[in-house]
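The values are calculated or read from the model by the stated rules, or taken from the named source; none is laboratory data. None of the values given here were measured: they were computed from a predicted structure. We place every Cβ from the backbone using ideal geometry, glycine too, and count neighbours over all the protein chains shown.
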Ligand code: MN
């Protein structure tokens, strides 16, 4: 079978690879149909993702059709359309024993630490498979994975109706968080430097928008919150200075959620955290949130159609990544497909 491998940073190859076989650990064989290109895939391609190891078959937004199942599999059957959980955890470490497998001490993420979905077949445990809702095409279903990331951040934030939430950044991550956050009924403020993105966020349920390039965010947040500050802030911009901004604009007893992987040092003071007794929490990947995301779709609360802007056959992955690099404004989500 063929696969897309990042041999080393900035070197992408279509390789021949042995087709996986069902064994006791990986008892569901899936014929891939669609796999999204995420910012982190682009980071692995360009060598800016510190977690990745090479050579690597990337892709963690993994959608396909069950081809064959091992004896004892009850959750899925051949022909089922599924999405695969990208998190592989050990089950034994402190994090795993406390139900936090997404930050397992021996964490292996498909497409990052172990081979992922940019290949014709993948074999995984049945526990990693989630059946797709009929309302979503395979291509659109890749959006379930980014949705789980958003659900994780809102769950880490313990977001409830009473909250006033700031989502910093209205790109792919921020707009997905907005879709989930609005379901809580919280009041939502979005911030970005691009007016068009802010307008889109307002059309999609944000209550207020702040243009960081034109307005003083501290002042604006005080105005919008009767001087208190937001009760929850989520960093979907993930720049070096995000954390400082969030610590500033989040009010007493609030929660600050970070999602960035920047290793650039940034200056923050203990005073900001201690004096307001802020909870600063990281949100990484997702912790068994696929079921929740799919239930929201089945309940008609979440519509993921229309997010994908471009598709490429996986054998044209080089073209797809080159196109991603153009940062063409028409790009929303790019998905690799696997039809012959
Ligand atoms: Mn992703």
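Which number in (1) over 21 Å from residue 40 (Cα atoms); (2) at pLDDT below 95 marks the one condition that residue 82 misses?
Status for residue 82: all satisfied but (2).
Condition (residue is within 16 Å of the ligand (Cβ to nearest atom) and in a loop (DSSP other than H, G, I, E, B)) applied to region 12-30: is it met by at least one residue?
Scanning region 12-30 turns up no residue that is within 16 Å of the ligand (Cβ to nearest atom) and in a loop (DSSP other than H, G, I, E, B).
Could you tell me how many of the residues in region 156-175 are in a loop (DSSP other than H, G, I, E, B), surrounded by fewer than 24 Cβ atoms within 10 Å (Cβ to Cβ) and either within 16 Å of the ligand (Cβ to nearest atom) or in contact (Cβ under 8 Å) with a residue 60 or more places away in the chain (or both)?
4
Among all residue pairs at least 6 apart or on different chains, which show Cβ distances below 6 Å where the first residue, located in region 31-59, is more than 20 Å from residue 334 (Cα to Cα) and the second is not in a loop (DSSP other than H, G, I, E, B)?
52/44; 54/8; 55/5; 55/7
Name the single residue, out of those in region 41-54 being touching a strand residue (DSSP E or B) at 6+ places or on another chain (Cβ under 9 Å) and within 15 Å of the ligand (Cβ to nearest atom), that is modelled with the lowest pLDDT.
Residue satisfying both the conditions and the ranking: 51.
So for region 184-204 (the condition being within 16 Å of the ligand (Cβ to nearest atom) and under 23 Å from residue 251 (Cα atoms)), does at least one residue qualify?
No, there is no match, as no residue in region 184-204 is within 16 Å of the ligand (Cβ to nearest atom) and under 23 Å from residue 251 (Cα atoms).
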